[in-house]
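The values are calculated or read from the model by the stated rules, or taken from the named source; none is laboratory data. Everything numeric here is computed off the predicted structure, so don't read it as measured data. Cβ placement follows ideal geometry from the backbone for every residue including glycine, while neighbour counts extend to all protein chains displayed. Accessible surface is based on the protein model in full, side chains and every heavy atom, while ligands, DNA and RNA are left aside. Shrake-Rupley method; radii C 1.70, N 1.55, O 1.52, S 1.80 Å.
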Amino acid sequence: MRFVQTIKNIWTVEELRKRILVTLLLVLVYRLGCYVVLPGFSPSDLDALSKFTNKSGLMQLLDMFSGGAFSQASIFALGIMPYITASIVIQLLGMVLPSFQKMQREGESGRQKLNQYTRYLTVLILLLQGPAYLMNIQFQVRAAGSAATMGIGTVAYLTVILAAGSMFIMWLGERITDRGITNGISFIILVGIIARLPEALIYEFISRLPGSTGSQGGLIMFVIEIILLFAVTAGAVLLVQGTRKVPVQYAKRIVGNRQYGGARQYIPLKVNAAGVMPIIFAQAIMFIPITLAGFGSQEGGSGFIAAFSDINGFWYNLVYFIMIVAFTYFYTAITVRPNDIADGLKRNNGFIPGVKPGKKTAEYLDSIMSRITLPGSIFLGIVAVLPAFARFFGISQNFAQFFGGTSLLILVGVVLDTLQQIESQLMMHHYDGLMKDGKIKGRTTGSAY
């Protein structure tokens with residue numbers, strides 16, 4: 001009954017109802033676009049590309065991020081990852097170039113300039129990835145026995161369509177952010193991942209049935225897999241919600257006949273302040289080798305490209321793990337600024353007991369963040385490489401992607417953020433929240449996408 005009452009409350013709040021409907025409408029547009037095939041491709045061509053995608057683990061990962069558009073030769077095939085890659089580059093430049101640092105400090109006007117640069121860089125990346133993707137399709141179609149070829153004019157024409165499709169996805173994400181209920185880019189990635197979950201679950205169930213090819217353990221093994229999946233999901237929730245509370249005392253002030261302050265509060269420093277962004281950053285960079293190789297077949301490859309195209313391989317997962325730890329520290333340094341927190345406490349007559357206000361407070365907070373970020377980043381890295389271990393124990397490639405990794409953490413993080421936004425709207429209009437035992441904690445500091 002509580003669930004039904006919550007749904008009624010959500011529908012009662014006019015602004016929340018409009019935001020949810022707008023979000024669903026824009027998501028529907030995105031999902032329909034994933035099935036709009038590029039001009040000139042026949043069903044046999046799509047079948048050849050789909051078989052190749054299912055054979056390659058990294059291609060499956062790319063297909064998951066695009067919601068299946070990659071294997072469908074859709075106008076949305078390149079997905080939102082080029083925009084995320086461009087965002088990574090711009091944020092890294094903000095750490096190096098003084099001109100970009102100045103724009104970051106200019107507030108809203110500087111943010112708009114950086115967003116514009118990000119869009120320009122996204123177009124440039126798309127113009128490089130588009131021909132590589134089209135060459136891969138041509139390679140797979142030829143391998144399937146077709147003699148179809150693409151001229152320079154055709155490649156240029158289809159590249160423009162692919163670039164426009166990805167930019168349209170970016171526009172949809174921005175509209176969801178402005179008029180929807182959550183961050184649009186994150187939500188679009190979430191929708192693409194969820195779209196692949198039912199197929200992966202059904203395939204794993206069928207493969208465990210008695211008499212199936214390669215069946216091991218039967219349905220008991222399938223039940224164990226589901227239990228482990230819930231356990232890993234619970235660990236991911238704890239990782240996203242975990243905090244370290246720092247006590248803060250506010251000095252007493254007497255104004256007239258009234259006394260202000262004196263109450264003790266807490267600063268909740270998150271164990272994983274960066275959210276899922278380190279994984280998204282690292283994953284975008286790990287896609288670079290396969291992009292440079294033209295999305296081609298890696299079965300006969302060797303050396304660097306082959307090593308970093310095998311998502312179950314040792315070197316791929318080791319470098320992936322190290323990059324996640326490094327990006328966790330990098331993104332935490334961007335999102336959590338101890339100096340700003342210390343200045344805010346000082347302005348409001350607050351202090352941490354036993355620590356001098358100002359510089360000493362900033363150093364104290366920085367030391368705490370350094371200590372709690374290390375285990376948080378290691379745990380984040382472990383969860384990210386869990387799909388490789390799941391694949392090692394015989395779980396199918398499609399289903400193994402949900403045993404941790406980018407998919408699970410994005411699912412957990414974005415769902416919690418969305419529920420938190422809905423709960424905030426309900427509480428603001430004096431309705432009960434979604435949870436009976438307390439507020440939902442999202443990844444508020446790390447939800448840039």
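Quick notes on this one:
- Heavy atoms of the protein chains alone define the surface here; on that basis segment 86-127 has 61 Å² accessible area per residue at 1.4 Å probe size.
- Stretch gain in nm, segment Tyr35-Leu197, where the contour uses 0.36 nm per residue and the Cα spacing is subtracted: 56.6 nm
- Here the spin labels are modelled as points 7 Å beyond Cα on the Cα-Cβ line, and at Lys245 and Lys113 they lie 4.3 nm apart.
- Label-point separation in nm, Tyr266 to Phe168, each point 7 Å along Cα→Cβ: 4.8
- Protection proxy ranking, highest mean first, for peptides 180-192, 352-364: 180-192, 352-364, where packing is the per-residue count of other beta-carbon atoms within 10 Å, averaged.
- Under 13 Å, Cβ to Cβ, from Pro375 - net charge with Lys/Arg +1 and Asp/Glu -1: +3
- Peptide packing for 90-103, 369-382, 334-347 was compared via the average number of neighbouring C-beta atoms within 10 Å per residue; ordered from the highest value, the list is 369-382, 334-347, 90-103.
- A crude spin-label estimate for the pair Leu25 and Leu228, with each label 7 Å from Cα along the Cβ direction, gives 4.5 nm.
- When each of the peptides 128-136, 315-323 is scored by how many other beta carbons lie within 10 Å of its residues on average, the order from highest to lowest is 128-136, 315-323.
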